[in-house]
1. Against the definition (within 12 Å of the chain's Cα centre (by Cα), touching a residue at least 12 places away in the same chain (Cβ under 8 Å) and either under 26 Å from Pro21 (Cα atoms) or surrounded by 14 or more Cβ atoms within 10 Å (Cβ to Cβ) (or both)), how does Ala246 come out, yes or no?
2. Can you give me the number of residues within the range 36-71 that are of a type in the set (Phe, Trp, Tyr) and part of a loop (DSSP other than H, G, I, E, B)?
3. With the checklist (1) surrounded by fewer than 23 Cβ atoms within 10 Å (Cβ to Cβ); (2) in contact with a His (Cβ under 9 Å, 6 or more places away or on another chain) in hand, flag the one item Cys26 doesn't pass.
4. Applying the selection to the range 154-175, what residues are assigned to a helix (DSSP H, G or I), over 14 Å from Ala87 (Cβ atoms) and modelled with pLDDT under 85?
5. With Ile102, Ile65 as the choices, which residue is modelled with pLDDT of 85 or more and either surrounded by fewer than 23 Cβ atoms within 10 Å (Cβ to Cβ) or over 19 Å from Phe148 (Cβ atoms) (or both)?
6. Give me the helices (runs of 4 or more DSSP H) completely within the range 181-269, filtered to those with at least 2 residues that are at pLDDT 95 or above, ordered by residue number.
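The values are calculated or read from the model by the stated rules, or taken from the named source; none is laboratory data. Since we're looking at a predicted model, the values are computed, not measured. FYI the Cβ positions are ideal-geometry reconstructions off the backbone, even for glycines, and counts take in every protein chain you see.
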Amino acid sequence: MQPFQHLITRSLDPLRRWLLPIGALCAFLGYVRPWIAHKAAGLAVLGLDLGEFVKFLHPVQQGEIRLWREGFYLPLVAVSVSLSLNAFCRDSNASDRQDANIDGTEAGEPRPRYGWPVRIALLLLAIVTALNLLPPAWTPRLLLTPEFRLQSMAMALCLALVALSPLVGLLQSPRSLFESFGGTADGAGRRGCLWRAAWSIALVRSLFLVVSAGAAIYFPVAQFRLVIPTLAELYGQPPEIGWGPALMVAGLAVLLLHGLGDLSSQIRE
């Protein structure tokens, strides 16, 4: 039974490796594509525009529809953070340790999950995604106003994680954290204080990825559905929903699956 499980694990590892780039790219493309499709380009509404567009709807201005405007920007945060936290991760060497147990050899060092070209591409996408949090016609003073302050803080956090991505990649697991400093997980003692602290940090990282992806699916879609009746009155007919929301949700669902996989690995650790 163990060799069979080992074969499945090794077969799924390459697939899991590409869940992150594919999911992030699909989520970003779906977000910047039309959510309201229309023949006239000026009447088409992108997911990227919704955070500003809803401010001008009369029911929203009158408080008849209560929205968390910043919730429309959560997909940008989820994509950028997921890319930054995972760009410098290493492949789990669980399968290598299973090989070592079977043939009596020592497990090798965990390999980087992505090569440098892929890492650079992931970080560039993380930067582009974060910069899309900027409001239109922005100025430094505008970013500090109460309306855009949370948005600006989220952008600053995303860009900071891009800059620190080689360091935050060490938080992938307690084992990777100890091995990066030349120690071993066995030497640290799995019940010691240092191991528990490192495990807690890795667990928070995985939970953050899961929660951010889940929130990025729920808030934009739920709030978009709330304003559809108002948009129907504005357009004089039920609006045609574009393919942007479906593609974005599919991409974020892949990121959520990727985060759940990391969380499962932390729990098993």
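1. Working: within 12 Å of the chain's Cα centre (by Cα): no; touching a residue at least 12 places away in the same chain (Cβ under 8 Å): yes; either under 26 Å from Pro21 (Cα atoms) or surrounded by 14 or more Cβ atoms within 10 Å (Cβ to Cβ) (or both): yes.
Spelling it out, it is not the case that Ala246 is within 12 Å of the chain's Cα centre (by Cα), touching a residue at least 12 places away in the same chain (Cβ under 8 Å) and either under 26 Å from Pro21 (Cα atoms) or surrounded by 14 or more Cβ atoms within 10 Å (Cβ to Cβ) (or both).
2. Residues flagged as of a type in the set (Phe, Trp, Tyr) and part of a loop (DSSP other than H, G, I, E, B) within the range 36-71 amount to 1.
3. Going through the list (1) surrounded by fewer than 23 Cβ atoms within 10 Å (Cβ to Cβ); (2) in contact with a His (Cβ under 9 Å, 6 or more places away or on another chain), Cys26 breaks only (2).
4. Hits for the range 154-175 are Pro174, Arg175.
5. Every option except Ile65 fails the conditions.
6. Details: elements: 185-188, 193-235, 244-268.
Correct list: 193-235, 244-268.
Here is a yes/no grid of residues against (1) aliphatic (A, V, I, L, M); (2) touching a helix residue (DSSP H, G or I) at 6+ places or on another chain (Cβ under 6 Å):
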{"residue": "Cys193", "(1), (2)": "no, no"}
{"residue": "Ser200", "(1), (2)": "no, no"}
{"residue": "Leu203", "(1), (2)": "yes, yes"}
{"residue": "Ser206", "(1), (2)": "no, yes"}
{"residue": "Pro229", "(1), (2)": "no, no"}
